[in-house]
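Participant: The structure is given below, and queries will be raised subsequently.
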Amino acid sequence: MFMSIPAMAQQNTEPEGTATFEDLNLESESFWNGADNSGSFTSGNFKFENGYEVSDWGAYAYGWFYSNKTATSFDNYETDMYNSCVGCGANGSATYAVFNENLYSPKQVEVLSSEEGAEVSGFYVTNAAYSYTSMMNGDSYAKKFEDGDWFMLTVTGYDASNASTGTVDVYLADLRNENDAYILNTWRWVDLTSLGKVKCLGFSLSSSDSGQWGMNTPAYFCMDNLGGTKPEQEGQQGTGISTLNKRNAVQRKHYDLGGRQLRHAQRGLNLVRMADGSVRKVVVR
């Protein structure tokens, strides 16, 4: 059976220099994807690289974006590729980052606090709505995840001379063991201290669902609070694990406390009815 990590909303109070993305200006329910051709954005002590190209086929954004969208569904590529599967940032904050990998033009994160680099504590990670929905249901290109499947993020550290300092792997989905199988659907802390002092961080994705043209699973994930405080207890930061009864516990409908159905999650307390009939309380700030 799948295991799910229930979202917990807490005030986002991180040390100075943390990339909380709350220092970036966004209108409500919107995103930044690099359409201004600036090529990057900065939050806290970190610079996030971005690519944006326009061709006869349309616009293509890759690398790093930021978003405050609260919808957790993925129905349309143009409108939903900046959604997370949680509907808010870590600890109930509004804004989070989204990453789309481009193998031919990789985009990194630069540490700005020191020319020699610095130790980075870690960050919170969750699945983007695009990849989460694909793994749960399958799509035109990728399969629905089954026993034995996995989706993994690898973070590589680089020092001031661009030499690798090591890697950290984190599974965004892991169905190799039936007793603790999961597709991540809330924020989980990733510890990066084993990388030592780094000047840049690289991010790559891999999946069991791959073919001759590469990975079929959508190459997306979401980040928050890079360089923030590591939680003392996992449960306090929304990383306690609880068991779901069915594999298809995908968020389906949102309601307010009066029982009125909402088009998407709203700020405040929401009741979310899952596909398996269970109901969760989710706070969006």
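All of the numbers you see were taken from the coordinates with simple rules; none came from a lab. As the structure is a prediction and not an experimental result, all values here were calculated from the model. As a convention, Cβ positions derive from the backbone with ideal geometry for all residues, glycine included, and neighbour counts pool all protein chains shown.
Participant: Please state, rounded to one decimal and in Å, the Kirkwood hydrodynamic radius that segment 41-106 gives when every pair of distinct Cα atoms enters the mean of 1/r.
Facilitator: Every distinct Cα pair counted, the radius reaches 13.1 Å.
Participant: Now a separate question. For segment 149-198, how big is the tail of P(r) above 13 Å, as a whole percent of Cα pairs?
Facilitator: When every Cα pair of segment 149-198 is considered, 62 percent fall beyond 13 Å.
Participant: Right, something else. If you take the square roots of the eigenvalues of the alpha-carbon gyration tensor of segment 1-135 and sort them as a ≥ b ≥ c, do you get rounded (a/c under 1.5), prolate (a/b over b/c) or oblate?
Facilitator: Since a/c reaches 1.5 but b/c is at least a/b, the shape of segment 1-135 is classed as oblate.
Participant: Past 25 Å, Cα to Cα, is the threshold; run 107/197; 143/230; 199/230; 107/199 against it and keep the listed order.
Facilitator: From 107/197; 143/230; 199/230; 107/199, over 25 Å: 143/230.
Participant: Something else: Rg/Rh for segment 91-137 to two decimals, with Rh computed the Kirkwood way over all alpha-carbon pairs.
Facilitator: With Rh from the inverse mean 1/r over Cα pairs, Rg/Rh is 1.05.
Participant: Also: Where in segment 192-219 does the label zone of residue 146 land, with the point 7 angstrom along Cα→C-beta and an amide N cut-off under 17 Å?
Facilitator: Those under the cut-off are 208-211, 216-217.
Participant: Now for a separate question. Using the alpha carbon gyration tensor of segment 87-165, what are the three equivalent-ellipsoid semi-axes (square root of 5 times each eigenvalue), largest first, in whole Å?
Facilitator: 30, 18, 12
Participant: Measure off 7 Å from each Cα along the Cα-to-Cβ vector at residue 137 and residue 59, then give the distance between these two points in nanometres to one decimal.
Facilitator: Distance between the two pseudo-spin positions: 2.5 nm.
Participant: How large is log10 of I(q)/I(0) for segment 47-201 at q = 0.14, 0.19 Å⁻¹ when the intensity is taken from the Debye formula with one equal scatterer per alpha-carbon?
Facilitator: The Cα Debye sum returns log10 ratios of -0.80, -1.34.
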